[in-house]
Amino acid sequence: MSMSDTPKMGPIEWALLLILSILWGGAFFFSKVALGELPPFTVVLARVSLAALALFVFLAATGRVVPRGRAVWTAFFGMALLNNIVPFGLIFLAQTAIPSGLASILNATTPIFSILIAHRLTADERMTRAKLTGVGLGLAGVAVLMGGNAFVSDAPPLWALLACLGAALSYGFASVYGRRFRRMGVEPVVVAFGQLACATLLAIPIAAAVDAPWTLPAPGPATLAALAGLALLSTALAYVLFFRILAVGGATNSSLVTLLIPVSAILLGTLVLNERLTANHFAGMALIALGLLVIDGRMLRLVRSQPPAGGRA
């Protein structure tokens, strides 16, 4: 695909992309605040249930119909497990031990896992030289980020880092699994509601068995506000904005949000939560970001399109 083949985004879409990165970066901030008083699976339940309710209202207000077939709801449950229950649970568990900014950096490896999984499980998304280079850079970034722990006395626990990578791996499987909804003719925002509704049903018994939330003290105003922000802003509204950007700008442009999420998450964690990251974390983030840019391909196309020094445009 040439650069001219990439769908064009106007100022509104670029602004929405920036807002989306703040909303999804803010998810790490909101969850970190909520985890100060509530256990991880209770936070998962609050996030998916409130977001499902908000999207149900949105679908009703816009006249969208939710399908009722067994096959599509079975697929919704599969998507809920891969895209909500497993990654949310792992990330929230990890955030009880590591800074929110660090969790967001590891989460940025999701496209790398998506490429590896798609190469193995699909026939039309094979590995290319650019993808292989980008994957290599991204994995090198993970190695730098995690390898630096050997030189830091108060390094974050390895299990928490691996949990974040496990969440990114689950998101990678979800990106391939979710391709079936297009064949089923289900609109993406309806998929978002369906998976969140199913995630709510799955999260209820898990939270009840693990956290027994009815025995917990009532959360304070800051925690309630964080839960509302996590569910309504960073989940329900974020899905609506993402699918708007996807419809206008295409998958390539919308994927740029992956590069921006750690920036907002780190800024919020640093300015509000007083979190601090070490040099190897930023070095790892730089390599992961470079890998994502190589995978995206536009940087290479831009370099190739430039005239040689002393030449004519």
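The values are calculated or read from the model by the stated rules, or taken from the named source; none is laboratory data. All values derive from a computational prediction rather than experimental measurement. Because the Cβ atoms are built from the backbone with ideal geometry, glycine has one as well, and the counts that use them run over all protein chains shown. Side chains included, ligands, DNA and RNA excluded: accessible areas come from the protein's heavy atoms. Shrake-Rupley method; radii C 1.70, N 1.55, O 1.52, S 1.80 Å.
The table below gives the values:
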{"item": "Test: residue in segment 140-157 that is modelled with pLDDT of 85 or more, surrounded by fewer than 19 Cβ atoms within 10 Å (Cβ to Cβ), farther than 26 Å from Met79 by Cβ and among the aromatic types (Phe, Trp, Tyr)", "result": "no"}
{"item": "Which numbered condition Val43 misses (of (1) open to solvent by 30 Å² or more (accessible area, probe 1.4 Å); (2) in contact with a helix residue (DSSP H, G or I) (Cβ under 6 Å, 6 or more places away or on another chain); (3) farther than 22 Å from Asp154 by Cα)", "result": "(1)"}
{"item": "Residues located in segment 70-88, provided they are over 24 Å from Gly141 (Cα atoms) and either among the basic types (Lys, Arg) or under 17 Å from the mean Cα position of the chain (by Cα) (or both)", "result": "Arg70, Met79, Ala80, Leu81, Leu82, Asn84, Ile85"}
{"item": "Pairs with Cβ under 9 Å, 6+ apart, first in segment 104-131 and more than 30 Å from Gly269 (Cα to Cα), second of a type in the set (Phe, Trp, Tyr) and open to solvent by 70 Å² or more (accessible area, probe 1.4 Å)", "result": "Ile117/Phe173; Leu121/Phe173"}
{"item": "Residue ranges of helices (runs of 4 or more DSSP H) in segment 159-274 with at least 1 members open to solvent by less than 20 Å² (accessible area, probe 1.4 Å) and at pLDDT 95 or above", "result": "188-210, 221-228"}
{"item": "Checklist (1) closer than 16 Å to Ala238 by Cβ; (2) at pLDDT below 95 applied to Val65, failing item", "result": "(1)"}
{"item": "Residue within segment 120-134 that is at pLDDT 80 or above, of a type in the set (D, E, K, R) and either within 20 Å of the chain's Cα centre (by Cα) or within 19 Å of His281 (Cα to Cα) (or both) present", "result": "yes"}
{"item": "Candidate set from segment 162-217 (those that are touching a residue at least 12 places away in the same chain (Cβ under 8 Å) and of a type in the set (Lys, Arg)); member that is farthest from Arg68 (Cα to Cα)", "result": "Arg179"}
{"item": "Criterion violated by Gly10 - all others in (1) open to solvent by 40 Å² or more (accessible area, probe 1.4 Å); (2) more than 19 Å from the chain's Cα centre (by Cα) satisfied", "result": "(1)"}
{"item": "Residues of segment 35-72 that turn out to be of a type in the set (A, V, I, L, M, F, W, C) and touching a Pro at 6+ places or on another chain (Cβ under 8 Å), as a count", "result": "2"}
{"item": "Filter pass, Phe56 being aromatic (Phe, Trp, Tyr) and buried (at least 17 other Cβ atoms within 10 Å of the Cβ)", "result": "no"}
